[in-house]
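Report on one structure; see the data block that follows.
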Amino acid sequence: MRYRTTKTGFLLALIAVAALWAGRATAASSPASAGAVRLLSQQPLAGQAGIDVTVLTVDYPPGGATPPHEHPGTTYAYVLAGSVISKVNDGPTQTFTTGQMWTEQPHDHHMISKNASSTEPAKLLVLMIAPHGAQLTTLLH
């Protein structure tokens, strides 16, 4: 689902990204074609015991993609550069360009997440709000 960017929406996206990154730095060790994940921040969500906010970036090389996966919390993805193709659950396959974003609910199946270009990189800012200590990304089999 496409969303217009607003200050509030962008802040939520930033929070989600930070939560995702801080939770699992292991994603950074995945193959280069899967993209490089950089944890920017992970902090407890104020007033919500047991909930963390993680912010991270995902850099997709040209043609880069991640395998189908899910996250335990609400996830906001904002395209900082390039174009990203995304498909969540049985929804439509959509292309998001710089300045656009999408949201994933807890345990949605993110079936497609890939750079739309085979020649240019793409970059996402991801904000995740998830239970403290949860594995932030689980690959689907």
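Taken together, the values in this text are just the output of simple stated rules run on the coordinates, not laboratory data. What you see is a predicted model, and the numbers here were worked out from it, not measured in a lab. For neighbour counting, all protein chains shown are included, and Cβ atoms are generated from backbone atoms with ideal geometry for every residue, glycine included.
How many residues, within segment 107-116, are of a type in the set (S, T, N, Q) and touching a Ser or Thr at 6+ places or on another chain (Cβ under 6 Å)? I'd like the intermediate steps shown before the answer.
Just the residues of segment 107-116 that are of a type in the set (S, T, N, Q), to begin with: 113, 115.
Within this subset, residues satisfying the condition of being touching a Ser or Thr at 6+ places or on another chain (Cβ under 6 Å) are 113.
Result for segment 107-116: 1.
Count, please, the residues in segment 107-128 that happen to be in contact (Cβ under 8 Å) with a residue 40 or more places away in the chain and not in a strand (DSSP E or B). It would help to see each step written out before you state the result.
Pass one, segment 107-128, residues in contact (Cβ under 8 Å) with a residue 40 or more places away in the chain: 109-115, 117-128.
If we keep only those that are not in a strand (DSSP E or B) as well, we get 109, 117-121.
Qualifying residue count, segment 107-128: 6.
What's the total number of residues in segment 117-128 that are surrounded by fewer than 23 Cβ atoms within 10 Å (Cβ to Cβ) and in contact with a Ser or Thr (Cβ under 9 Å, 6 or more places away or on another chain)?
At the first step, the residues of segment 117-128 found to be surrounded by fewer than 23 Cβ atoms within 10 Å (Cβ to Cβ) are 117-121, 123.
Filter once more, keeping what is in contact with a Ser or Thr (Cβ under 9 Å, 6 or more places away or on another chain): 117, 120, 123.
Residues meeting the conditions: 3.
Part of a strand (DSSP E or B), surrounded by 22 or more Cβ atoms within 10 Å (Cβ to Cβ) and at negative phi - does that describe any residue in segment 129-141? Let's see the steps before the verdict.
Just the residues of segment 129-141 that are part of a strand (DSSP E or B), to begin with: 129-131, 138-139.
Retained after the next criterion (residues that are surrounded by 22 or more Cβ atoms within 10 Å (Cβ to Cβ)): 129-130.
From the residues that got through so far, the ones that are at negative phi too are 129-130.
Within segment 129-141 (the criterion being part of a strand (DSSP E or B), surrounded by 22 or more Cβ atoms within 10 Å (Cβ to Cβ) and at negative phi), the answer is yes, since at least one residue qualifies.
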